[in-house]
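Engineer: Right, I'll just put the structure down here and ask away after.
The values are calculated or read from the model by the stated rules, or taken from the named source; none is laboratory data. Remember, it's a predicted structure, so these values are computed and weren't measured experimentally. Ideal geometry is used to build each Cβ from the backbone, glycine not excepted, and the neighbour counts take in all protein chains shown.
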Amino acid sequence: AHPLPDYERDSSLRELLRSARYARLRFAAPAGESGSTKAEQFTEKNLHRRDNLNTVNLRKKSGDVALPFNWESSLFYEFGVSYKFDNGLVASAGYIFSENSVPNESFNPVVPDSNRHIFSAGLGGQRDNWTWDIAYQWAHGPERTISQGTVADGTYKFDSHAISISAGYNF
């Protein structure tokens, strides 16, 4: 396992992040865990469990901001098919359903998670040493209404569209 950088002790990295105006993400380890740093505790002991992500701390010049996520385990259900035609073209299609991981009680618009349906279709081929592919993907997040009496209350939904085109040459 590769050790994570020690952001607390590495002043050059810390100053670089601050001067570039990035917010620093830090994963808090659950109470009672031992180890040399909180990041290492989280990585070594909790990454394999993936039960939940408790809190992300944003360190900014104006002060730290704790964002409680309390993420829960969720699953992706995915399937796809490809068909190779006699002329060498390959057509593919797929579907992914991603379960919501963020409970209503700790919903945060920074990561407005919801159930997601992702559909994709593509076409590709090869001729001599050249390959090419083109694909389209549509992701849909149905409406999710939050009513917890906080500033995050509201209805959230999304749709995203993506097109990818690639070409390659094999030497």
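Engineer: Where residues in region 67-91 are exposed (fewer than 10 other Cβ atoms within 10 Å of the Cβ) and assigned to a loop (DSSP other than H, G, I, E, B), which of them is modelled with the lowest pLDDT?
Structural biologist: 75
Engineer: Related question: Among 161, 117, 140, which is the only one that is surrounded by fewer than 16 Cβ atoms within 10 Å (Cβ to Cβ), more than 23 Å from residue 73 (Cβ to Cβ) and not basic (Lys, Arg)?
Structural biologist: After applying the criteria, what remains is 161.
Engineer: Here are some residues: 125, 141. Which one is free of Cβ contacts under 8 Å to residues at least 40 places away in the same chain, more than 30 Å from residue 57 (Cα to Cα) and touching a strand residue (DSSP E or B) at 6+ places or on another chain (Cβ under 7 Å)?
Structural biologist: Result: 125 is the single residue among 125, 141 that is free of Cβ contacts under 8 Å to residues at least 40 places away in the same chain, more than 30 Å from residue 57 (Cα to Cα) and touching a strand residue (DSSP E or B) at 6+ places or on another chain (Cβ under 7 Å).
Engineer: When you go through (1) surrounded by 12 or more Cβ atoms within 10 Å (Cβ to Cβ); (2) of a type outside the set (D, E, K, R); (3) part of a strand (DSSP E or B) one by one for residue 100, which number turns out not to apply?
Structural biologist: In the conditions (1) surrounded by 12 or more Cβ atoms within 10 Å (Cβ to Cβ); (2) of a type outside the set (D, E, K, R); (3) part of a strand (DSSP E or B), residue 100 misses (3) alone.
Engineer: Considering only region 120-135, I want to know if a residue exists there that is surrounded by 10 or more Cβ atoms within 10 Å (Cβ to Cβ) and either in contact with a His (Cβ under 9 Å, 6 or more places away or on another chain) or assigned to a loop (DSSP other than H, G, I, E, B) (or both).
Structural biologist: Looking through region 120-135, none of the residues is surrounded by 10 or more Cβ atoms within 10 Å (Cβ to Cβ) and either in contact with a His (Cβ under 9 Å, 6 or more places away or on another chain) or assigned to a loop (DSSP other than H, G, I, E, B) (or both).
Engineer: Quick one: which of 162, 167, 139, 135 is modelled with pLDDT of 95 or more, aliphatic (A, V, I, L, M) and more than 21 Å from the chain's Cα centre (by Cα)?
Structural biologist: 167
Engineer: Among the numbered criteria (1) within 24 Å of the chain's Cα centre (by Cα); (2) loosely packed, with under 13 Cβ neighbours inside 10 Å; (3) at pLDDT 90 or above, which one does residue 110 miss?
Structural biologist: (3)
Engineer: So, residue 64, is that one in a strand (DSSP E or B), charged (D, E, K, R) and modelled with pLDDT under 90 or not?
Structural biologist: yes
Engineer: Continuing with this model, one more query. Just need a number here: residues in region 84-120 that are more than 30 Å from residue 171 (Cβ to Cβ) and of a type in the set (A, V, I, L, M).
Structural biologist: The number of residues fulfilling the criteria is 6.
Engineer: If residue 111 satisfies every condition in (1) part of a strand (DSSP E or B); (2) more than 17 Å from residue 75 (Cβ to Cβ) but one, which is the exception?
Structural biologist: Here residue 111 meets the rest and fails (1).
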